[in-house]
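I am attaching a structure below and will ask some questions about it afterwards.
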Amino acid sequence: GIWDDVRTYFDTPDVYPVPPPVGTIVHDLFVDTDNTGIASHTPDVDIVGGGWADVGSFPVEIVLNRATVPTSASPWDGIAAIETNESDVFISANVAMPTSSYSVGIVFRHIDIDNYWRAIIDTGPARNYLRLTKVVAGVETDVQTDSTPSYAQNQNYLMTITLSGDTIAVVDDNGGSVGTTSTDHNTATEHGIWLTKVNTYITSVASITIQ
């Protein structure tokens, strides 16, 4: 009936027809004209007001109302970050894994390209895991990997990250979880998204909320 239709509409991950939760700092469904650069795109909610910044190797843009990297980009990554003025936040993102894809996820406590954290789901060749990685002075360290769940290609996943002081906790709706305690970048207040393109396989993010 009509109420089932309404319930389905409100439960659809790519649709946010009601106001974001109280306390939301950033909320973005990435609705925009195709090929709009992320730095030219206005988030649905941006309390600080600084907007998105392209901070990775390759530009991030909007295509089909998702944040992604251009088909013309060469490998490897695209990163977009946004200022929140808060280091302790809760981040949730709907990420999309196309067929034969590589990695996609959330960047957090970002300072610059040589200093940040990321949590990614990777379904590339010989890889199938949720992984937490830190980058300090340009050196990448894989902090924890959960390869127990089976992550499927051509699938969407909900990722969440809770940041509180030195504590980092990452979970997804596929049963994956990683976490740690660390003082590295624990006062950094930029957070955002991680995308990749290898050959014709491009990952994307459908929405992100930071509270």
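Each reported figure results from applying straightforward, stated rules to the coordinates on display, with no laboratory input. As the structure is a computational prediction, the values presented were derived from the model and not from experiment. Backbone-built Cβ (ideal geometry, glycine too); neighbour counts: all protein chains shown.
In the range 121-168, what is the volume of the convex hull around the alpha carbon atoms, normalised per residue and reported in Å³?
107 Å³
Here is a follow-up. Grab the eigenvalues of the alpha-carbon gyration tensor for the range 67-196, scale each by 5, take roots, and send me the semi-axes largest first in whole angstrom.
Here the semi-axes work out to 22, 17, 13 Å.
Please list 3J(HN,Hα) in residue order for the range 146-153, calculated via the Karplus relation 6.51 cos²θ - 1.76 cosθ + 1.60 where θ = phi - 60°; whole Hz, with x for glycine and proline.
10, 10, 5, x, 9, 8, 9, 6
Ranked from highest to lowest mean number of other Cβ atoms within 10 Å per residue, what is the order of the peptides 187-193, 38-44?
Per-residue Cβ counts within 10 Å, averaged per peptide and sorted highest first, yield 187-193, 38-44.
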